[in-house]
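Okay, so here's the structure we're looking at.
What follows is calculated from the coordinates using simple rules that are stated; it is not laboratory data. Just so it is clear, the structure is predicted and the values come from calculations on it, not from any experiment. With ideal geometry, Cβ positions are generated from the backbone for all residues, glycine too; neighbour counts draw on all protein chains shown.
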Amino acid sequence: MALSRRTVLAGASALPLASFARRAAAQEATINAVHFTPAQVSYARSFLKYVEKVNQRGKGIVQIRVRGGPEVIPFTQLGEALKNGVIDMADCPAGPLLNIVPEGEVFSATSKKPWELRENGGFELIDGIFAKKANAHVLAHVDAGAGFHVFTVDEPARTADGGVDFSRLKIRSAALYREFLESLGAGVVVQPPGEAYTSLERGLVNANCYTVLGYQNFGWNKFTRYRIDPGFFQTDVLIMVNRTAWERLGPEARKLLQDVAIEHERASYEENLAGTREQGQQMIDAGMKVIELQGAARTAYLEKASRVSWERLAKRDPSRIAELRAKFA
């Protein structure tokens, strides 16, 4: 969907026409930012920690002004908004940009840690691709380390090999993992997270796919009482800056934003794993049951997730697939 500045500003009076401004007196750059979940969700809270660190250390240099979440710019329009400069900074998964940058799928397909990809040149490679296709600079891959799970309303039927009969499930999904779920035989409804509650409440779907972290913040655990393990893929949340806005910044501001982003990248990785364990146990204590795939069924499940992800990327844009595999696979 094309997204113009006028379209977004009409529904979000908080965003000024000049989204990138400098304070005349102090020459302090101001960056406008949007996060992809409501403020109460763990991912938004993580991003706000990054913002707080920047604003504390960046006084007189650069400040981030957070405009809000999906109430300002809908989840599915974040990619176009960032590319077109409607916003300066976005905290969001690669998913909303896959129509622009199919290669963004590598963030979820890889099992490597973000700092490993910085060391082997993978991060530089993917940042160059985002710069060319999405007019964006990728500051960090944050909140990584944990995967996605299918949560079901009723206890899922099992197959003879110990797997799950996904053909009986109609799953609320994101575009990122739609094809994987379909390859398992599931029915899939692609919706933004904000629409999932109503779909579960009305019985339009009988399963939901998301991370453990933040799941309770949406209230979905009221309906789904079973979780299928293990998780698949890796969370792909990125902090990105519109490239034009990035290049307008002075070197001191760019260095501060990047240094703090790298610090937060590692800290948020550990916090994500800890939060996943804690929140997962909270739901188990409240009655949620875990369906743990074992043996050959588990191996096949994870292998298919990886294969489908790389195959989709190769199908959409094979031009850099060899380079990406060398760094990310």
For the range 43-103 and the range 188-216, what is the separation of their Cα centres, given in Å? 23 Å
Estimated vicinal HN-Hα couplings, Hz - the range 253-269 in sequence order (Karplus 6.51, -1.76, 1.60; Gly, Pro = x): 5, 4, 4, 5, 4, 6, 4, 5, 5, 5, 4, 5, 4, 6, 5, 6, 4
Where does the chain land at 222 nm, in deg cm²/dmol rounded to the nearest 500, when only DSSP H runs of n ≥ 4 count, each adding -39500 (n - 2.57), divided by all residues? -13000 deg cm²/dmol
With Cα extents along the principal axes in Å defined as stated, name the option among (1) 54, 44, 38; (2) 86, 41, 32; (3) 69, 42, 36 computed from the structure displayed. (3)
Output the relative contact order of the range 104-192, whole-number percent, from Cα pairs under 8 angstrom with separation of 6+ residues. 18 percent
Share (percent) of C-alpha pair distances in the range 272-329 greater than 15 Å works out to 68 percent
Per 5 Å bin, what is the whole-percent P(r) computed from every C-alpha pair distance within the range 174-329? 1, 7, 12, 15, 17, 17, 13, 9, 5, 3, 1
Under a 5 Å amide H to amide H cut-off, with H placed in plane at 1.01 Å, what residues pair with ALA136 once short-range neighbours are removed? ALA131, ARG243
Per the rule of 0.36 nm per residue minus the C-alpha distance, extending ARG45 to ASN120 adds in nm 24.0 nm
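Students often check this: by mean Cβ neighbours within 10 Å, which of 66-79, 295-308 ranks highest, and how do the rest follow?
66-79, 295-308
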Peptides 85-97, 250-262: what's the order by average Cβ count within 10 Å, highest mean first? 85-97, 250-262
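Among DSSP bridges having both ends in the chain, what percentage is antiparallel? Round to the nearest 5. Spell out each step's value before the answer.
Working: 23 of 42 bridges.
Taking every DSSP beta bridge with both residues in the chain, the antiparallel ones total about 55 percent.
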So what's the angle, to the nearest 10 degrees on a 0 to 90 scale, between helix 295-316 and the longest Cα principal axis of the chain? 40 degrees
